[in-house]
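Take a look at the structure below.
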């Protein structure tokens, strides 16, 4: 049985930062990356949080991720910019991207920042939260390694490409929608296979494109999109906004994270920020936003024990609970991150 322990936020942040520094990441960048991943854990998005520290560090040691990259920002206009991440860590480049989008939007009212030559950057929600903290409405996303087939296709070509849409609130937690375009993450197929369980119909297709309830066949095939052709279309839209518009890689041009060679992933991200104070005025915006949210929350619940929620409220509840009780994680994982920080090899290498 897995031994789950709870780690205080600051302790987890410090050990993650130390692990990144140990493999050559500069202090400020190590701090930025640790912050994104730890906040992901606080929000309950542990699949994309600090569990990625070990593979990030290993990919740095493999030479795929550059520990101290030359990151350039090319401002094409007062509201348009492209960041070349120099094959650095995704959370480092993503942090620069959202900061640049917020800065340009404060100057121009709205901005697009595309990022190329990056890697897996963790969950979207922590970046959305940063934009909300700055008073910005935001739309952002990233492409990923291919794990899905095009609708009606029979080969893996594109990622599940998560998207985030967020808006600040004055009287409640920020509205934060963070969603990938597959019904489930690939890791759920692996977990079902290891547990000897079947998977629900609609989660995955086999290598011939047929829907399957066998997780092993699904692992040899691909995960299916939410809403059929609608999820497929959203996945391509995020890839276009991330990879195509930034001049980076898209679709099959994005490589796997979980490999052991010097090949960079070539991931691309995008960040769009809009200043509602410039559009409506701050007071009018917050009044409109609160009226909107309260109208939704006033809906009678179908189950009294399950009230209607606004996107972002589950993440806020998770943060409140984990800040007080500590972040839950397997003891072995925490100890392996500590081993990296101490200059030792981790005992296990996480899978996707």
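The values are calculated or read from the model by the stated rules, or taken from the named source; none is laboratory data. Keep in mind the model is a prediction, meaning the values are calculated, not measured. Positions of Cβ are backbone-derived with ideal geometry, glycine not excepted, and every protein chain shown enters the neighbour counts.
If I filter region 218-230 down to residues being free of Cβ contacts under 8 Å to residues at least 60 places away in the same chain and more than 17 Å from residue 145 (Cβ to Cβ), which single residue comes out as surrounded by the most Cβ atoms within 10 Å (Cβ to Cβ)?
Among residues in region 218-230 that are free of Cβ contacts under 8 Å to residues at least 60 places away in the same chain and more than 17 Å from residue 145 (Cβ to Cβ), the one surrounded by the most Cβ atoms within 10 Å (Cβ to Cβ) is 226.
Could you tell me which numbered condition residue 260 fails, if it satisfies all but one of (1) modelled with pLDDT of 95 or more; (2) surrounded by fewer than 24 Cβ atoms within 10 Å (Cβ to Cβ); (3) over 29 Å from residue 202 (Cβ atoms)?
Failed condition: (1).
Does region 229-236 contain at least one residue that is over 22 Å from residue 97 (Cβ atoms), out of contact with any strand residue (DSSP E or B) (no Cβ under 9 Å at 6 or more places or on another chain) and assigned by TED's automatic domain parsing to the domain that holds residue 52?
Taking every residue of region 229-236 in turn, at least one turns out to be over 22 Å from residue 97 (Cβ atoms), out of contact with any strand residue (DSSP E or B) (no Cβ under 9 Å at 6 or more places or on another chain) and assigned by TED's automatic domain parsing to the domain that holds residue 52.
Given the conditions (1) farther than 30 Å from residue 100 by Cβ; (2) surrounded by 14 or more Cβ atoms within 10 Å (Cβ to Cβ); (3) in contact (Cβ under 8 Å) with a residue 24 or more places away in the chain; (4) more than 19 Å from the chain's Cα centre (by Cα), and given that residue 277 satisfies all but one, which numbered condition is not satisfied?
(1)
Note down all Cβ pairs under 8 Å where the first residue falls in region 284-295 and is on the phi > 0 side of the Ramachandran plot and surrounded by fewer than 19 Cβ atoms within 10 Å (Cβ to Cβ), the second is at pLDDT 95 or above and not in a helix (DSSP H, G or I), and they're at least six residues apart or on different chains.
Qualifying pairs under 8 Å: none.
For region 48-56, state whether one or more residues are surrounded by fewer than 24 Cβ atoms within 10 Å (Cβ to Cβ), assigned by TED's automatic domain parsing to the domain that holds residue 260 and farther than 21 Å from residue 187 by Cβ.
no
Name the residues in region 245-274 that are in contact (Cβ under 8 Å) with a residue 60 or more places away in the chain and part of a helix (DSSP H, G or I), would you?
Answer for region 245-274, where residues must be in contact (Cβ under 8 Å) with a residue 60 or more places away in the chain and part of a helix (DSSP H, G or I): 245, 246, 251, 252.
Across region 202-217, which residue is nearest to the chain's Cα centre (by Cα) among those that are assigned to a loop (DSSP other than H, G, I, E, B) and in contact (Cβ under 8 Å) with a residue 24 or more places away in the chain?
So the residue we want is 209.
Of 22, 27, 76, which residue is over 24 Å from residue 345 (Cα atoms), over 18 Å from the mean Cα position of the chain (by Cα), surrounded by fewer than 23 Cβ atoms within 10 Å (Cβ to Cβ) and assigned by TED's automatic domain parsing to the domain that holds residue 141?
76
Kindly list, by first and then second residue, each pair from a residue in region 1-19 that is without any contact (Cβ under 8 Å) to a residue 40 or more places away in the chain to a residue that is in a loop (DSSP other than H, G, I, E, B) and surrounded by 15 or more Cβ atoms within 10 Å (Cβ to Cβ), limited to pairs with Cβ atoms under 9 Å and residues at least 6 apart or on different chains.
11/326; 17/25
Within region 298-319, can you find the residues that are touching a helix residue (DSSP H, G or I) at 6+ places or on another chain (Cβ under 9 Å) and without any contact (Cβ under 8 Å) to a residue 40 or more places away in the chain?
307, 308, 309
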